[in-house]
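Chemist: A single structure is presented below for examination.
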Amino acid sequence: MKRVVVGLSGGVDSSVTAYLLKEQGYDVIGLFMKNWHDDSVTISDECPWLEDSNDAMIVAEKLGIPFQTVDLSEQYKERIVDYMFDEYEKGRTPNPDVLCNREIKFDVFMDIALGLGADYVATGHYCRKEEEVINGKKVYKLLAGKDNNKDQSYFLCQLSQEQLAKALFPIGELTKPEVRAIAKEADLITAEKKDSQGLCFIGKVRLPDFLQQKLQPKEGVIVQIPSTFEAYTKSLPKFEHKIAELEYKSKKFTYQVSDGKTVGKHQGAHYFTKGQRKGLAVGGTKEPLFVIETDVDENIIYTGEGKSHQGLYRNVLFVSNEELHWVREDLALSVGETMEVEARIRYRQSLEKAKIYKVGNGIFVEFANAQSAIQEGQFVAWYANEELLGSGVIS
């Protein structure tokens with residue numbers, strides 16, 4: 001019997017993951033990860049992890065599998081929370097869920113699982129894994145989940161071949177309603193439980209509140225940039241070659257206060273991200289204002305009216321070599337090579353046609369259509385035929 005350690009989170013997806021593996025004859029152990037108990041950064045009066053760990057324990061009892069809680073809060077603080085504060089302070093938008101999978105679930109947690117004699121670690125992610133022998137070497141493929149509404153492959157875009165080799169995703173072939181039906185049939189306490197909307201394993205948190213505890217409020221101005229801003233209408237220069245064009249198009253617009261009109265005040269540019277509409281508290285415009293750029297050095301927020309404002313859109317982005325990751329190492333491009341792919345820059349975004357160009361210091365991703373709110377710090381992930389091939393942090 002192969003031994004599998006399941007990350008039981010107290011939700012329905014991981015509960016059904018454990019149930020299915022038990023049914024398939026694996027030797028299953030349930031572990032609940034406690035990733036947060038820093039009272040100096042109170043998140044809310046509710047304590048979701050206590051409730052969640054309790055539900056996870058009840059599920060383990062029901063399934064007759066060993067269960068324990070592991071405290072990973074120290075590593076979580078170092079690798080996820082500190083990183084988040086650091087990124088927001090720089091005016092970038094990190095994705096803690098992608099990091100949590102790379103750094104915690106499939107690294108720290110996986111080490112603990114292997115220490116317990118596990119052959120695999122299983123999670124309740126909606127994605128699939130396949131393996132194929134290519135040129136005499138076993139290659140692991142990460143595929144989108146069967147449920148299009150719930151596909152979570154994007155969150156696993158930073159996994160390596162070594163991590164995938166030891167990973168199992170038992171619910172990847174199912175839809176959410178099917179998972180709930182299985183939980184109900186198996187009489188699991190989590191069958192009707194709502195999905196958690198919080199940060200990975202922290203639970204309920206309002207990001208501005210969370211950030212305000214470490215990043216001090218600092219009053220600054222909100223500037224509205226008109227749609228007639230000269231850089232939007234400037235005709236493109238002549239480019240000597242494609243890379244020069246990509247370099248030009250990957251650069252974001254830069255603004256000064258004199259380019260628009262001051263329409264309000266804010267409490268800190270680092271609390272806002274590109275594409276954000278809520279929290280600006282500025283009225284008097286026909287369409288709502290959206291953040292089109294933040295300047296954390298000068299503490300200025302630049303906004304544009306309406307979600308089709310040109311300041312929100314670009315179709316080229318850059319990923320540096322340091323931030324570039326291939327799940328399929330065998331398909332990594334060499335300098336000068338290109339690849340036609342489909343890509344997304346955020347979870348739940350539909351895949352968009354794109355082309356990757358490998359250059360000396362990284363890759364350019366050129367989308368067929370302009371993308372809204374391309375934000376530094378986010379992950380771009382690219383696919384071919386449902387398979388996630390690689391990803392990178394947007395520079």
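Read-outs: derived from the displayed coordinates by stated rules, not from any lab. As the structure is a computational prediction, the values presented were derived from the model and not from experiment. Using ideal geometry, Cβ is built from the backbone for each residue, glycine included, and neighbour counts are taken over all protein chains shown.
Chemist: Packing-wise, with mean Cβ within 10 Å as the measure, how do 66-72, 134-140, 298-304, 258-264 rank, highest first?
Modeler: Most protected by this proxy first, the peptides run 298-304, 66-72, 258-264, 134-140.
Chemist: Between Gln24 and Ser308, what FRET efficiency follows from the Cβ-Cβ distance if R0 is 41 Å, with the result rounded to 0.05?
Modeler: Rounded to the nearest 0.05, the efficiency is 0.25.
Chemist: Note down the nm distance, to one decimal, between modelled labels 7 Å out along Cα→Cβ at Val282 and at Asn385.
Modeler: Label-label distance for Val282 and Asn385, simple model: 4.9 nm.
Chemist: Residue-wise, which Karplus ³J(HN,Hα) couplings in Hz belong to region 272-285, taking 6.51 cos²θ - 1.76 cosθ + 1.60, θ = phi - 60°, and x for glycine or proline?
Modeler: 10, 10, 4, x, 6, 10, 6, x, 7, 6, 10, x, x, 10
Chemist: So what is the relative contact order of the chain, in percent, for Cα pairs below 8 Å that sit 6 or more residues apart?
Modeler: 16
Chemist: Over the chain, what is the percentage of antiparallel beta bridges among all DSSP beta bridges, to the nearest 5?
Modeler: Looking only at bridges with both residues in the chain, the antiparallel portion is about 75 percent.
Chemist: Once the piece of chain linking Gln349 and Trp326 is laid out straight, how much longer is it, given 0.36 nm per residue of separation minus the C-alpha distance between them?
Modeler: Net length gain for the segment: 6.2 nm.
Chemist: If you place +1 on the Cβ of every Lys and Arg and -1 on the Cβ of every Asp and Glu, how big does the dipole about the Cα centre of region 3-212 come out, in debye to the nearest 20?
Modeler: About 640 debye.
Chemist: Further question on the same structure: How high is the FRET efficiency between Thr228 and Ala368 when r is their beta carbon distance and R₀ equals 25 Å, given to the nearest 0.05?
Modeler: 0.40
Chemist: Let me ask something else. How large is the helix-only mean residue ellipticity at 222 nm for the chain, computed as the sum of -39500 (n - 2.57) over DSSP H runs with n ≥ 4, divided by its residue count, in deg cm²/dmol to the nearest 500?
Modeler: Helix contribution divided over all residues of the chain: -5500 deg cm²/dmol.
Chemist: With 10 angstrom as the radius, rank Arg180, Arg348 by how many other C-beta atoms surround their C-beta, starting from the fewest.
Modeler: By the 10 Å Cβ count, ascending, the order reads Arg348, Arg180.
Chemist: Let me ask something additional. If I model a spin label as a point 7 Å beyond the Cα along the Cα-Cβ vector, how far apart are those points for Ala165 and Lys242 in nm?
Modeler: Spacing of the two 7 Å Cα→Cβ label points: 3.5 nm.
Chemist: I need the semi-axes of the equivalent ellipsoid of the chain: take the C-alpha gyration tensor, multiply each eigenvalue by 5, square-root it, list largest first in whole angstrom.
Modeler: 39, 27, 17
Chemist: I've got another one for you. Taking neighbour counts of Cβ atoms within 10 Å as a proxy for exposure, in what order, fewest first, do Trp326, Trp49 appear?
Modeler: Trp326, Trp49
Chemist: Once each part is reduced to its C-alpha centroid, what is the distance from region 228-266 to region 45-110 in angstrom?
Modeler: A separation of 39 Å, based on Cα centres.
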